[in-house]
C-alpha cells in the first residue's frame, strides 16, 4: 500500500506542476486584462494578490508531493494536518467547479471541453487522494 501511495504522490506532484505551469496562461486565455479593467486599482491589486496566493499554494503542494513523499507517508500528525488541509482545499475547488462557477462566457470549443474535463478529473483525484493520505496518516491500513 505504501508503494502505491508513493506513486500516487508522484502523480499528484506532477499533476500539480502541470497545473501551476498551465495556470500562467489563464489570465491571457480568459482575458483578465480586459475584464478587470473596470475595477478600481485596489480591487485589481486584491484580485492579483489572491491569484498569486492560489498559484503559490499549488506550487507548494507540488513541492510537498514530489519532495516530501516520505514525510507524507510518515504517519505524523503534521503530515495528517497538511493532507487534511490539501484535501479541504481541493474539496472546495471541486464544489466550486460543479456549483459555483458560471462558465457561460467560456467558448464551447472542443479544446475548452477537454481542458475542463482534465481539470475536473485532476481536482477530483487530488481531493480523493489527499483524503486517502489523511486516512493513512491517521493509522489507516497499517
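The values are calculated or read from the model by the stated rules, or taken from the named source; none is laboratory data. Predicted, not measured: the structure shown is a model, and the values here were computed from it. No Cβ is skipped: glycine too gets one built from the backbone with ideal geometry, and neighbour counts run over all protein chains shown.
Miscellaneous remarks
- Some residue of segment 126-137 being assigned to a helix (DSSP H, G or I), closer than 28 Å to residue 26 by Cα, modelled with pLDDT of 95 or more and out of contact with any helix residue (DSSP H, G or I) (no Cβ under 6 Å at 6 or more places or on another chain): yes
- Which numbered condition residue 122 fails, given (1) surrounded by 14 or more Cβ atoms within 10 Å (Cβ to Cβ); (2) over 19 Å from residue 55 (Cβ atoms); (3) at pLDDT 95 or above: (2)
- Identity of the residue in segment 98-112, within 14 Å of residue 29 (Cβ to Cβ) and out of contact with any helix residue (DSSP H, G or I) (no Cβ under 7 Å at 6 or more places or on another chain), that ends up surrounded by the most Cβ atoms within 10 Å (Cβ to Cβ): 112
- Out of 7, 53, sole residue that is more than 17 Å from the chain's Cα centre (by Cα), closer than 27 Å to residue 115 by Cα and surrounded by fewer than 13 Cβ atoms within 10 Å (Cβ to Cβ): 7
- Helices (runs of 4 or more DSSP H) enclosed by segment 1-114 - at least 1 residues per element that are closer than 14 Å to residue 133 by Cβ and at pLDDT 95 or above: 2-23, 41-67, 69-72, 77-95
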